[in-house]
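The values are calculated or read from the model by the stated rules, or taken from the named source; none is laboratory data. The shown structure was predicted, so the numbers you read here are calculated from the model rather than taken from an experiment. Methodologically, a virtual Cβ is constructed for each residue, glycine included, from the backbone with ideal geometry; neighbour enumeration extends over all protein chains shown. Heads up: the accessible areas ignore ligands, DNA and RNA and are worked out on the full protein's heavy atoms, side chains in. Shrake-Rupley method; radii C 1.70, N 1.55, O 1.52, S 1.80 Å.
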Amino acid sequence: MSTWLKIIYFLSLLFVALALAPAMAHLLELPNKINLSREDYLKVQQIYRGWALLGFVVVGALLSTLVLTITVRHERKAFILALIAFLCIAGTQVIFWIYTYPANQATNNWTMLPENWAKLRRQWEYSHATSAVLNLVALVMLILSVLARDE
């Protein structure tokens with residue numbers, strides 16, 4: 001494996017693993033948060049202040065998996081697995097912009113709760129849970145892509 005390809009794999013694995021960490025935190029806290037009272041939920045949501053800075057991790061995961069997919073395009077198994085990883089990371093962004101971001105906007109980043117706050121809570125929590133699963137699948141696909149490479 002060339003040094004360049006090792007670097008691309010390393011960066012892809014690193015960024016996808018870093019994106020998985022906060023996603024799994026959301027997934028694991030869901031059962032304990034989904035039925036909180038209005039006041040408790042609003043209070044608990046404040047722990048996510050500053051998490052928007054993790055956007056650079058998502059960009060890194062998107063770019064590195066895209067570059068990896070293009071780089072291994074002539075190795076069928078590695079390519080398909082890398083492509084699935086890239087599509088999973090891209091899918092997390094589709095979910096974020098369609099479901100998570102609108103809930104954040106409607107609640108002013110969870111600093112106030114409108115009348116439909118329970119619906120927005122479900123939308124926010126389950127969109128994060130779905131993204132966690134996609135991030136996990138992306139990481140597994142990247143690992144399999146490394147293992148599937150033709151040497």
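List of remarks:
- Among the residues listed as 57, 16, 44, the single one being part of a helix (DSSP H, G or I), in contact with a Pro (Cβ under 9 Å, 6 or more places away or on another chain) and open to solvent by less than 60 Å² (accessible area, probe 1.4 Å): 57
- Any hit, region 72-82, residues being assigned to a helix (DSSP H, G or I), open to solvent by 70 Å² or more (accessible area, probe 1.4 Å), touching a residue at least 12 places away in the same chain (Cβ under 8 Å) and in contact with a helix residue (DSSP H, G or I) (Cβ under 8 Å, 6 or more places away or on another chain): yes
- The residues on offer are 100, 92, 111, and the sole one that is part of a loop (DSSP other than H, G, I, E, B) and either open to solvent by 20 Å² or more (accessible area, probe 1.4 Å) or within 30 Å of residue 37 (Cα to Cα) (or both) is 111.
- Residue 143 passes every criterion in (1) open to solvent by 30 Å² or more (accessible area, probe 1.4 Å); (2) touching a helix residue (DSSP H, G or I) at 6+ places or on another chain (Cβ under 7 Å); (3) closer than 28 Å to residue 76 by Cβ apart from (2).
- Listed by first and then second residue, the pairs with beta-carbon distance under 8 Å, at least 6 apart or on different chains, first residue in region 101-123 and without any contact (Cβ under 8 Å) to a residue 12 or more places away in the chain, second open to solvent by less than 30 Å² (accessible area, probe 1.4 Å) and of a type in the set (A, V, I, L, M, F, W, C), are 114/120.
- Residue satisfying condition, being surrounded by 19 or more Cβ atoms within 10 Å (Cβ to Cβ) and over 18 Å from the mean Cα position of the chain (by Cα), within set 34, 8: 8
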